[in-house]
Amino acid sequence: MSRRIIAALVAVTIVVLIALEVPLAVTFEHQRTTEAATELERDALAIGDLVEDDLESGGSTLLEEAVASYQAERGARAVIVDPSGVALADSAPTAEVGESVGRSFADRPEIAQALAGDTTLVTRRSETLGETLQIVAVPVRSGGRVLGAVRVSRSRAEIDEEVRRYQLALGLIALLSLAGCVGLGYAVGRWATGSLGGLQRAAARLERGDLDSRSPVGVGPPEVQELSASFNAMADRLATLIRSSQDFAADASHQLRTPLTAVRLRLDNLAATGGNEAEVEAVLQDISRLEQTIDALLAFTRLEREPIQPTDIALAPTLRERAGMWGPAADESDVRVTVAEPHDAETAAEFDPNHLEQVLDNLLANAIDAAPPGSSVELWAQGRGDHVEVHVTDHGPGLTATDRARAFDRHWGMRPGGTGLGLAIVERLCANNRATVRLDETPGGGIDAVVLAPRASHQAAEAHR
């Protein structure tokens, strides 16, 4: 992945460099050529103004001085011709170009155009000098009449050297940019793929059976951080599912052995003695207990597999409904189930409806079983900021602080005919819904089971206003 990131960055950088540096190089060369041509044209016009009178009078002394002075000052050649194109003065050394004074330049295109009254700028390769020249020819006029022409020329070597240096500078900038791009791509690749490497190693360990394997969080780009968090959440859920299955196997082995043994013994006795109704009833009770245990174990293992669908649940009608459902069972134990309306009749919790029913059913079953005859079990709810409390209160013998802390352990304090899993299921259901459950002491004796659940989303928003 690092190589792909580097390749992509390099490709983008090359495109950008080409788009920027090629026009810069072309523009610089054109600018320097134009500046040099403008300078030559200005020099040629200045020489023409200087020798205009001599050309009109036919003198030659000032002509020679003008071109020689220009050669000495500018290092460029200057030629002055008459209207027929014959050279009147030439600043070029004789050793370089031979004797040119008196020679016709009329066949040179720039001279011909200048004598026709046009200023001409050309670039031409001189085979005699072995270099490229930049040439400007301007007419010398007086009273609308062309008296001759001035031609100045200079080697492009200096301009070409400047252009080469500028191009080399651009090339160096391009190389430094590409090197920086490679370094940046490598750093970004390491940053991005380093966290992916940690995720990959964590997945490999998890695949080998390490249920505690987790991906590092808080490193890499946000997308990788989110992926790592999702992977860790998945690993947590997977580990919980596997451990629940392992616990289920252990629980089933432990919990089902005793009632099955009892059933076998009773059936053996029935076979030996011919049986009676009491024995048959006892067998049926043992089988019923076995069914309850199996149902509880299956319910416990299904907790992590069921999708959670939290919704906003109005608590007052829910509490009244569960109280009505448990009323007949409470009546058999001479216990009343009462519901106190919340202080805020609109109090609502965010909870999976099926899960909330299971929580209340388990807590009501325990409360009714613990409540002494003639007493009551109260259901009530109240808001606590962003949360709501749901209370199931009985007035039974209660538990010590130590026992209340251990009451959510599986099989702790299992009563006759019970499974010992009710409160463990309640705790797991609450955890799956971002809620908690605790057992408080009821004033005067008894247990106050308190579920602290998230408040309904719209009520939580209003609580912050």
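The values are calculated or read from the model by the stated rules, or taken from the named source; none is laboratory data. What you see is a predicted model, and the numbers here were worked out from it, not measured in a lab. Positions of Cβ are generated from backbone atoms using ideal geometry, with glycine treated the same way; all protein chains shown enter the neighbour counts. Surface areas here come from the heavy atoms of the whole protein model, side chains and all, with no ligands, DNA or RNA. Shrake-Rupley method; radii C 1.70, N 1.55, O 1.52, S 1.80 Å.
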What pairs can you find where one residue is in region 20-47 and touching a residue at least 60 places away in the same chain (Cβ under 8 Å) and closer than 21 Å to L115 by Cα, the other is polar (S, T, N, Q) and open to solvent by less than 40 Å² (accessible area, probe 1.4 Å), and their Cβ atoms are less than 8 Å apart, with a gap of 6+ or different chains?
A37/Q134; L40/Q134; L40/S153
Filter region 171-186 for residues that are of a type outside the set (F, W, Y) and surrounded by 14 or more Cβ atoms within 10 Å (Cβ to Cβ); which is modelled with the lowest pLDDT?
G185
In region 377-395, residues that are closer than 13 Å to V337 by Cβ, open to solvent by less than 70 Å² (accessible area, probe 1.4 Å) and assigned to a loop (DSSP other than H, G, I, E, B) total 1
Single unsatisfied condition, P372 versus (1) within 19 Å of P328 (Cβ to Cβ); (2) out of contact with any helix residue (DSSP H, G or I) (no Cβ under 9 Å at 6 or more places or on another chain); (3) part of a helix (DSSP H, G or I); (4) not hydrophobic (A, V, I, L, M, F, W, C):
(3)
Kindly provide the set of residues from region 224-242 that are surrounded by fewer than 16 Cβ atoms within 10 Å (Cβ to Cβ) and over 18 Å from D210 (Cβ atoms), ordered by number.
E226, A229, S230
Can you report the number of residues in region 58-82 which are touching a residue at least 40 places away in the same chain (Cβ under 8 Å) and of a type in the set (G, A, S)?
3
Taking the stated definitions as given, is I135 open to solvent by less than 80 Å² (accessible area, probe 1.4 Å), touching a helix residue (DSSP H, G or I) at 6+ places or on another chain (Cβ under 9 Å) and within 22 Å of A25 (Cβ to Cβ)?
no
Does region 23-34 contain at least one residue that is assigned to a helix (DSSP H, G or I), small (G, A, S), within 41 Å of the chain's Cα centre (by Cα) and under 24 Å from G185 (Cα atoms)?
no
